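Structure first, then comments.
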Amino acid sequence: MNEKLVSMRYSPSTQRTYASMFRGFLSCTYPLPLHQVSRQHIIQYHTQLIHLKNISKTSQDLIRIRVSML
């Protein structure tokens with residue numbers, strides 16, 4: 001993932017933020033291997049963040065972008 005972020009010319013700060021969010025997503029799907037993660041898992045993760053953390057619309061949009069990089 002890091003190579004993709006670098007090739008897209010994201011700043012180091014953005015790279016760290018995206019990596020952190022990706023690790024959070026992976027921790028929620030553990031122990032499921034990444035190749036078995038489905039679109040439904042992504043939707044559930046996003047919904048969980050909205051309800052449990054009361055995240056803003058801007059944060060929701062950023063999560064969609066980050067997770068879409070899977």
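A few notes on this one:
- Taking Cβ atoms as reference points and 15 Å as the exclusive limit, the residues near Gln44 contribute a net charge of +3, counting Lys and Arg as +1 and Asp and Glu as -1.
- For the chain, alpha-carbon Rg and Dmax in angstrom: 12.2, 33
- When the trypsin sites (Lys or Arg not before Pro) in the chain are filtered for DSSP coil states and for at most 13 other beta-carbon atoms within 10 Å of their beta-carbon, the remaining sites are Arg9.
- Pairwise label distance in nanometres, Leu52 with Arg23, each label 7 Å out on the Cα-Cβ vector: 1.7 nm
Just so you know, all these numbers are worked out from the coordinates, no wet-lab data involved. These numbers come from a predicted model, not from an experiment. Cβ: placed from backbone, ideal geometry, glycine included. Neighbour counts: every protein chain shown.
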